[in-house]
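One structure is given below, encoded as structure tokens.
What follows draws every value from the coordinates through simple rules; no lab data is involved. Not measured: the values here are computed from a predicted model. So basically every Cβ, Gly included, is an ideal-geometry build from the backbone, and we count neighbours across all protein chains shown.
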Amino acid sequence: MVFRNILSRESNDIHLIISISYNLISYPTNQKEKTMRTKIIAGNWKMYKDINESAELLNSLKSKLAVLPNGVKAIVCPPFTSLALAKELLKGSPIALGAQNMYPEDEGAFTAEISPKMLRSVGCQYVILGHSERRQYFHESDEFINKKVKKALAAGLIPIICVGESLQEREKNITNLVVTTQITGCVQGIPASDIEKSIIAYEPVWAIGTGKVATPQQAQDVHKLIRELLAKLYSSSTAEKVTIQYGGSVKPENAKELLHQPDIDGALVGGACLKADSFTAIVQAAV
Ligand code: 13P
């Protein structure tokens, strides 16, 4: 249709014909890459579940998610105290293990901190970095998070890099600026080959733990912005490979619509991951 309209124009519009037909050719390629992105659902347990409660939840998840839907990955991120147990209990399960934080040094006199190597040794493949609760309560800067991202990647961990604006920032209409600044700072000096395997989680702070989920369109708009930013910082082919999760009051009831937006490749789930039934339902909603 577009083509026919163009071809009926005067011949001095030849340049227009060439540029638009180029888009028509390149579009399906991007679409193909887009549909190939695996959906990744991660559960951030935050500071919930002691060792007994963790065992109960892990056993229940292991049986409910014995087989994951095609094209979907599931990750659990329990507190540090339950990671070794999780490694044992998840043996033979397709559910992967992640941590909620780490310190960006290999080892040393850093009382109470946990290194990337320690996380690897308890079976972690992923690590959440720069969660808004870490930024807010522990004053983590983009620069510090950037250091963590580099160390995580060097240790073979996949970082889940969290960004998102506060309510005040959204109301001031500076969401794009905030997210752009956070991502630019967090990925500084990281090569495309490492970014392509990393995960970015867009978590608007006003939607975390509040029950106020972003509308699918609000979330999609920021995810698109993030992908466009990655295309500028790297290339569109790199941007198309990056998994961008949405987080903030994701529940079984709203998961399907969110997860089927073109630039939403998964979810980082808080409250709803603490029950096996609701986490399982969100994983199922990804297909
Ligand atoms: P909720 O799903 O409880 O809003 O938490 C989201 C979150 O912070 C995940 O990291």
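Sort segment 96-139 into rounded, prolate or oblate with this rule: let a ≥ b ≥ c be the square roots of the eigenvalues of the Cα gyration tensor; rounded if a/c is under 1.5, and if a/c is not under 1.5, prolate when a/b is larger than b/c, oblate otherwise.
oblate
Kindly express, to the nearest 10 degrees and within the range 0 to 90, the angle between helix 142-154's C-alpha long axis and the longest C-alpha principal axis of the chain. Taking Cα atoms only, the helix is inclined about 80 degrees. With the biggest extent put first, the Cα atoms of segment 222-287 measure 39, 19, 15 Å across the principal axes. Once the Cβ-Cβ distance of residue 261 and residue 192 is raised to the sixth power relative to R0 = 30 Å, the FRET efficiency obtained is 0.80.
Pairs of Cα atoms nearer than 8 Å and 6+ residues apart set the relative contact order; for the chain it is 19 percent.
The order of the peptides 242-253, 176-187 by mean Cβ neighbours within 10 Å, most packed first, is 242-253, 176-187. So if I take the centroid of the Cα atoms in segment 132-150 and the same for segment 198-266, what is the distance between those two points in Å? Here the two parts' Cα centres lie 20 Å apart.
Relative to the longest principal axis of the Cα atoms of the chain, helix 276-285 runs at roughly 20 degrees. Stretched out straight at 0.36 nm per residue, the stretch from residue 168 to residue 106 would grow longer than its current Cα-Cα span by 18.6 nm. Taking the centroid of alpha carbons for each part, segment 37-94 and segment 105-119 are 23 Å apart. Nearest 0.05, what FRET efficiency do residue 287 and residue 176 give at R0 = 22 Å with Cβ-Cβ as r? Step by step, r from the Cβ atoms, then E = 0.10. Here the scattering of segment 38-285 is modelled by Debye summation over its C-alpha atoms, one equal scatterer each and no solvent; at q = 0.08, 0.13, 0.14, 0.16 Å⁻¹ the log10 of I(q)/I(0) is -0.27, -0.75, -0.88, -1.18. 3J(HN,Hα) along segment 255-269, derived from phi through the Karplus expression 6.51 cos²θ - 1.76 cosθ + 1.60 where θ = phi - 60°, amounts to 5, 4, 5, 4, 6, 9, 6, x, 10, 9, 10, x, 9, 10, 9 Hz, with x in place of Gly and Pro.
Counting helices only, and only those DSSP H runs with n ≥ 4, report the 222 nm mean residue ellipticity of the chain as the sum of -39,500 (n - 2.57) divided by its residues, in deg cm²/dmol to the nearest 500.
Estimated from H runs of four or more residues: -14000 deg cm²/dmol.
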